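A quick write-up on the structure given underneath.
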Amino acid sequence: MILATTFAGAYAPTSDATDASPIVFVVDDDVSVRRSLEQLIHEAGWQPETFASGEEFLAHPRAVVPSCLILDVVLPDIDGFELQRRVALDRSEMPVIFISGRCDVPTSVRAMKAGAVEFLTKPVVGDVLVGAIGYALERSRRALEDETRMRALRESYDSLTPREREVMMLVVSGLLNKQVGGELGISEITVKAHRGQVMRKMKADSLAALVKMVARLGVAASALA
């Protein structure tokens, strides 16, 4: 048995930004484990997707909904740690939960240091696993929301003209309109016009908000400085 106790009662998962059902992926080569977890996940109100190997999972397209991955350390092709590494690179919004018959300290420490949200040993207590899944899905939801906000910020930045970007960088550095005009060789009135366009396109309601946006843009913005 994969579960030490039978899970009773539905767990109310947090609704995600896309209004799509969260997905819990399971990678384990033991069919009985997959079936047991599939039932548990379904009863908790989430959508289960199970795979017999790491390569089979990696062939599945990325799900742009809150999700997490439950996997064993020992798999028939690539091991759980290698799969965890690949997920961290390509699907960083997907937290990993390990379940394994191997309960030695070095194994669990390695998994947690690599970013796993939980390391559980078989047989797994149903309520404990459901709690870990709920936590992982909430982390995934927040990561996706942050990704959406960052994408919108980059699109706003891309809508700026080269001159507007120059004005923005000088303004957030603390220069007054007159000083910006002096740096760029344009009139103060022209600077004001460009500054107004920057605020509108970036959807910034204050200079402080614009400064935070530029900070979030990071490399893309600093390259203009």
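So the values come out like this:
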| quantity | calculated |
| --- | --- |
| Relative contact order %, segment 17-150, counting alpha carbon pairs below 8 Å whose residues are six or more apart | 24 percent |
| Relative contact order %, segment 97-147, counting alpha carbon pairs below 8 Å whose residues are six or more apart | 38 percent |
| Two-decimal Rg/Rh across segment 53-94, once Rg and the Kirkwood Rh are taken from alpha-carbon atoms | 0.93 |
| DSSP loop trypsin sites (Lys or Arg not before Pro) with at most 12 other Cβ within 10 Å: longest gap in the chain | 63-202 |
| Gain in span if fully extended, Arg149 to Glu56, counting 0.36 nm per residue against the direct Cα distance | 30.4 nm |
| Charge sum, other residues only, whose C-beta stays under 12 Å from Leu170's C-beta, Lys/Arg counted +1 and Asp/Glu -1 | +1 |
| Alpha carbon convex hull of segment 17-150, volume per residue in cubic angstrom | 96 Å³ |
| Column: log10 I(q)/I(0), Debye, Cα scatterers of the chain, q = 0.18 Å⁻¹ | -1.16 |
| Of Ala143, Ala63, Ala204, the one that fluctuates the most in a GNM where the chain has Cα springs shorter than 10 Å | Ala204 |
| Sequence-separation-based contact order of the chain, relative, with Cα cut under 8 Å and 6+ spacing, percent | 18 percent |
| Order of Ile97, Ile186 under a 10 Å beta carbon neighbour criterion, fewest first | Ile186, Ile97 |
| Bins of 5 Å from zero: percent of alpha-carbon pairs in segment 159-222 | 3, 20, 33, 27, 14, 3 |
| Residues Asp30, Asp205 arranged by fewest to most Cβ contacts within 10 Å | Asp205, Asp30 |
| The chain: Lys pairs at Cα distance under 21 angstrom, eight or more positions apart or on different chains | 7 |
| Under-5 Å amide H pairs with Val124, H placed in peptide plane, nonlocal only | Leu3, Ala4 |
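Every read-out reported here was derived from the displayed coordinates using simple, explicitly stated rules and does not represent laboratory data. Worth saying up front: this structure is predicted, and the values here are computed from it rather than measured. Every residue, glycine as well, gets a Cβ built from its backbone with ideal geometry; the counts of neighbours run over all protein chains shown.
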